[in-house]
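J.: Right, I'll just put the structure down here and ask away after.
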Amino acid sequence: MSFAKHLHEGYSNRKFDIDKKKIEDFIDRFFRFIFFLEYQRCAELSNIESRLNDFKNEFNDILYSVTDIKDNFQTELFFENFPKIYKTLENDAQIILENDPAATSKEEVMFSYPGFFAVAIYRFSHELYKIGIPLIPRIWTEFAHSKTGIDINPGAQIGENFFIDHGTGIVIGETTIIGSNVKIYQGVTLGAHSVAKNLQNVKRHPTIEDGVVIYANATILGGDTIIGKNALIGGNVWITASVDENSVVFHKGQVTVKNKFPTHEPIVFSI
C-alpha cells in the first residue's frame, strides 16, 4: 500500500471530525474571559451576558463534533454546573494567595500562576469526563500540559483548595483521588505501578487524603497506596505502600561538603 493510500484510509476511518486548534482556542479564551484577563474591560452587564451566550453556542458546536446527540442538554448541564466549578476555582486561587508568600494578589495568581491555569482547565475537563464526553477533556488537559508542564488526567478526582506550587513536571494519573487542602510541589508523580491495557478499569493511582503536603520530585505509585491525612511527604522519596496519617516521610541521603581549593597542612617537626 502506498503512503498516500494509507493516509486516505486513515482519514476515511477517522471517528470524529474535529478542529483541535479551535477546541484549544475556545478553552484558552474562555479562561481569560471568566477570570478578567482580557485587555478590554467588559463594563456592561448586557455585554457580559452576550459574551457568555456566544461562548455557550460555540461550546455547543464543539460538542456536536464529538457526539451524535443533536440537542444541547450536555451544554446546558455543563453551564448549570459552572457556578459551582467557578467557586471552587476562586477558592483555589485564594488558597494560593494565602499560602504563597510570593503571591501579592488573586489577580496575580490568575494572570501568571501555571498551577492555577492547569487546575482550572482540569476542573472544566473533569466535568465533561464525568458525563462521558470523548476527546475534548483530554485535548484540554494536554493543552494545559503543553503550556505549563503540569499533566493532570481529566479522570482524576481532586478536592477543594488544591495548591500546585511551581508545578513543572507534575503528573497526576487518571484514577488518582486527592482530598481537600492538598499542596503539591514540582516534579511530583502520582502514578501506577505498571501500565497495561487490561488495567484500564482498575484503580491504578494513589489516594491522597486531606491536608497532605508532597514536596518536590516525590513519586507515589499504586492504586492501593493511601497517603493518610495531614502527612508530609519529603522530596525525592519513592512510595509504593500506604502511609499513616500525620506521618513525616523523608529521604535520608549523605551530603558531603568539601573545599574545592584544599589547603595543605603545614609540616610540623618535633626534635
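The values are calculated or read from the model by the stated rules, or taken from the named source; none is laboratory data. In this text, all values refer to a predicted model and were calculated from it rather than measured experimentally. Methodologically, a virtual Cβ is constructed for each residue, glycine included, from the backbone with ideal geometry; neighbour enumeration extends over all protein chains shown.
J.: Please go through the stretch 29-87 and pick out each residue that is polar (S, T, N, Q) and surrounded by 13 or more Cβ atoms within 10 Å (Cβ to Cβ).
T.: Listed by number, the residues that qualify are 60, 65, 67, 72, 74, 75, 81.
J.: Within the set of pairs 6 or more residues apart or between chains, which connect a residue that is outside the structural domain of residue 245 (by TED's automatic domain parsing) inside the stretch 206-224 to a residue that is buried (at least 18 other Cβ atoms within 10 Å of the Cβ) with Cβ atoms less than 8 Å apart?
T.: Taking only residues 6 or more apart or on different chains, not a single pair turns up.
J.: Scan the stretch 153-161 and tell me whether some residue there is among the hydrophobic types (A, V, I, L, M, F, W, C), surrounded by 20 or more Cβ atoms within 10 Å (Cβ to Cβ) and in contact with a helix residue (DSSP H, G or I) (Cβ under 6 Å, 6 or more places away or on another chain).
T.: no
J.: Could you list, in sequence order, all residues of the stretch 182-223 that are within 16 Å of residue 157 (Cβ to Cβ) and assigned to a loop (DSSP other than H, G, I, E, B)?
T.: 182, 192, 201, 202, 203, 204, 205, 206, 209, 210, 212, 223
J.: Search the stretch 203-219 for residues being of a type in the set (A, V, I, L, M, F, W, C) and farther than 14 Å from residue 174 by Cα, and hand back the single one that is surrounded by the fewest Cβ atoms within 10 Å (Cβ to Cβ).
T.: 216
J.: Exactly one of (1) more than 22 Å from residue 52 (Cβ to Cβ); (2) of a type in the set (D, E, K, R); (3) at pLDDT below 95 is unmet by residue 76. Its number?
T.: (1)
J.: Test residue 48 against the stated conditions and say whether it is under 24 Å from the mean Cα position of the chain (by Cα), under 22 Å from residue 117 (Cα atoms) and aliphatic (A, V, I, L, M).
T.: Considered against the rule, which asks whether it is under 24 Å from the mean Cα position of the chain (by Cα), under 22 Å from residue 117 (Cα atoms) and aliphatic (A, V, I, L, M), residue 48 comes out as no.
J.: Right, another one. Which count do you get for residues in the stretch 36-94 that are among the hydroxyl-bearing types (Ser, Thr, Tyr), touching a residue at least 40 places away in the same chain (Cβ under 8 Å) and in a helix (DSSP H, G or I)?
T.: 2
J.: Could you identify the single residue in 170, 150 that is within 23 Å of residue 241 (Cβ to Cβ) and of a type outside the set (Lys, Arg)?
T.: 170
J.: Which numbered condition trips up residue 185, out of (1) surrounded by fewer than 18 Cβ atoms within 10 Å (Cβ to Cβ); (2) farther than 19 Å from residue 28 by Cβ; (3) not polar (S, T, N, Q)?
T.: With (1) surrounded by fewer than 18 Cβ atoms within 10 Å (Cβ to Cβ); (2) farther than 19 Å from residue 28 by Cβ; (3) not polar (S, T, N, Q) applied to residue 185, the lone miss is (1).
J.: Going through the stretch 120-149 one residue at a time, which ones are without any contact (Cβ under 8 Å) to a residue 12 or more places away in the chain and charged (D, E, K, R)?
T.: Passing the criteria: 130, 142.
J.: Let me ask you something else. From the list 149, 167, which residue is surrounded by 20 or more Cβ atoms within 10 Å (Cβ to Cβ) and small (Gly, Ala, Ser)?
T.: Of 149, 167, the one residue that is surrounded by 20 or more Cβ atoms within 10 Å (Cβ to Cβ) and small (Gly, Ala, Ser) is 167.
J.: Please find, among 111, 117, the residue that is assigned to a helix (DSSP H, G or I), crowded, with 18+ Cβ neighbours inside 10 Å, in the same structural domain as residue 34 (by TED's automatic domain parsing) and touching a residue at least 60 places away in the same chain (Cβ under 8 Å).
T.: Only one candidate passes the filter, namely 117.
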